[in-house]
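No value in this document is a laboratory result; all are computed from the given coordinates. What you see is a predicted model, and the numbers here were worked out from it, not measured in a lab. Backbone-built Cβ (ideal geometry, glycine too); neighbour counts: all protein chains shown.
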Amino acid sequence: MVRYRVKPDQVERNEELVRAVYDELHRTSPAGLRYGTFQMDDGVSFVHVASVEADGPNPLQAVEAFARFQDGIAERCDEPPVAVALREVGSYRFFGDEGAT
């Protein structure tokens, strides 16, 4: 999980870059990746949650739009990205196909 807070004038740009990542993911369908991005209710904070099933490199690293998203992230942020590893204790349809967009 990665969380960060963007500058108020960078919210729209950040959302555009995130949407471009999902456009590419939907086109390329990388195996072993489940990924979600959420905007918090303050309007400027974002959380990205990724689950990588296979051992080896993270499939996101091969996504060109993800590289563009990462480029300049420090300049877009008031609070830089903080990555935290999560260990699943339980979930229910958390990354299921129901309602996926």
Relative contact order (%) - criterion: Cα under 8 Å, at least six apart; region: the chain: 41 percent
Per residue of region 75-86, what does 6.51 cos²θ - 1.76 cosθ + 1.60 with θ = phi - 60° give for ³J(HN,Hα)? Whole Hz please, x for Gly and Pro, Karplus curve as stated. 6, 7, 9, 8, 10, x, x, 10, 9, 9, 7, 10
Which whole-Hz couplings ³J(HN,Hα) result when phi for each residue of region 10-15 is put into the Karplus expression 6.51 cos²θ - 1.76 cosθ + 1.60, θ = phi - 60°, listed in order with x for Gly and Pro? 10, 4, 4, 4, 4, 4
Show that you can apply the helix-only estimate: for the chain, add -39,500 (n - 2.57) for every DSSP H stretch of four or more residues, divide by all residues, and state [θ] at 222 nm to the nearest 500. -8500 deg cm²/dmol
How large is the convex hull of the C-alpha atoms of the chain per residue, in Å³? 117 Å³
Compare the peptides 70-82, 2-14 by average per-residue count of other Cβ atoms within 10 angstrom and give them in order, highest first. 2-14, 70-82
